[in-house]
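Trainee: The structure's right below; bear with me while I get my questions together.
Every read-out reported here was derived from the displayed coordinates using simple, explicitly stated rules and does not represent laboratory data. These figures come from a predicted structure and were not determined experimentally. Reconstructed Cβ throughout: ideal geometry from the backbone, glycine too, with neighbour counts over all protein chains shown.
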Amino acid sequence: MSDMSKAVATQLANIEKRTGKSIDELSAIVKKSGLAKHGELVAMLKTTLGMGHGDANTLVHIVRKSDGQSAAGAQGLSMSQVLDGLYAGPRAELRAIHDKLIAAMRKFGEFEEAPKKTYVSYRRKKQFAMIGPATNTRVDLGLNMKGVTPTDRLFQLPAGQMCQYKVKLTDPKEVNAELIAWIRTAYDSAG
């Protein structure tokens, strides 16, 4: 069993413990909900069962037999092509921020890249970062790490979010030593 398969199995076991329901029972709830969209199903699980976002998202992917990748990723596009799509039109200039972040991350070692509809998830044994255009003028970097003091630049997010911290970037010059150190902390904690 791969490390990713073990991680998913562990998360599913934890979901069962936290909800008091088996995966089969939870699958039945999802299927009987009458909802079709992924986000609606995640919201329903969070509201009705009090699940955290990560658990609800994983469960919906499992129930729908999805690997979490966007349709573009599933069609075999290269990561460069996926990024071309994310950073098209008025967001094209933001691609330089994304590219600079990835260049810094590649110096840390290996990781997985999982394209989603509006961002790319970066994982080792678990997700450590999410990067994507938030607006036509800003890229958001989500980071998963604990014990880091928030700053005026590093925003701590409420519990239950996909990431614990977020950094808003509008210029490649903002990818500096401080930011790379935070990413490294998240990377190290995910492996």
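Trainee: Under 7 Å between Cβ atoms, at least 6 apart or on separate chains: pull out the pairs that start in the stretch 97-108 with a residue that is under 12 Å from residue 176 (Cβ atoms) and end on any residue that is surrounded by fewer than 20 Cβ atoms within 10 Å (Cβ to Cβ) and among the β-branched types (Val, Ile, Thr).
Mentor: Short answer, once both residue conditions are applied: 104/180.
Trainee: Same structure again: Please determine, by comparing only the residues of the stretch 101-141 that are surrounded by fewer than 16 Cβ atoms within 10 Å (Cβ to Cβ) and out of contact with any helix residue (DSSP H, G or I) (no Cβ under 9 Å at 6 or more places or on another chain), which one is nearest to residue 80 (Cα to Cα).
Mentor: Ranking the qualifying residues of the stretch 101-141, first place goes to 103.
Trainee: Quick one: in the stretch 78-87, which of the residues that are of a type in the set (Gly, Ala, Ser) and more than 21 Å from residue 175 (Cα to Cα) is surrounded by the fewest Cβ atoms within 10 Å (Cβ to Cβ)?
Mentor: 78
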